[in-house]
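Scroll down for the structure; my scribbles are underneath it.
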Amino acid sequence: MAQPVTEIVYINLKPGVDFNSPGQGAEVWLEALSTISSQDGFVGQRYGRQFENPEVLMLLIGTLQVISHILAYAAFHRLDKSGQA
């Protein structure tokens, strides 16, 4: 039986990035979240800035099995390498 997987992602943000305001950064972030949540086996996700260092964003992704985690990882890094965020 497959075991659930939780991935913890630390994302270093560019200074001044605000996901709550309209703009390119917010659009890319929403696209990344949508891509991750559309993967097979996706259970849920939560994110927030670190209290100690607000320029580090923590993203937690829950998936049903390791293969789902691998697919979500690949999808996220395709967006990351586009240089948009």
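Computed values, structure above
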item	result
Selected residue (criterion: farthest from the chain's Cα centre (by Cα)) from residues of the range 42-85 that are modelled with pLDDT under 75 and of a type in the set (Phe, Trp, Tyr)	Tyr73
Filtered residues of the range 41-55 (kept if surrounded by 10 or more Cβ atoms within 10 Å (Cβ to Cβ) and hydrophobic (A, V, I, L, M, F, W, C))	Phe42, Val43
Selection within the range 1-33 - farther than 19 Å from Arg46 by Cα and charged (D, E, K, R)	Lys14
Scope the range 34-68; condition touching a residue at least 60 places away in the same chain (Cβ under 8 Å) and of a type in the set (S, T, N, Q); matching residues	Gln65, Ser68
Cβ-Cβ under 6 Å pairs, at least 6 apart or on other chains, the range 14-33 side closer than 22 Å to Ala74 by Cα and in contact (Cβ under 8 Å) with a residue 40 or more places away in the chain, far side in a loop (DSSP other than H, G, I, E, B) and among the small types (Gly, Ala, Ser)	Val28/Ala85
Filtered residue count, the range 7-29, keeping only those that are farther than 20 Å from Ile70 by Cα and of a type in the set (A, V, I, L, M, F, W, C)	5
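The values are calculated or read from the model by the stated rules, or taken from the named source; none is laboratory data. If you're wondering where the values come from, they're calculated on a predicted model, not measured in any experiment. All Cβ positions, glycine included, derive from the backbone under ideal geometry; neighbour counts span all protein chains shown.
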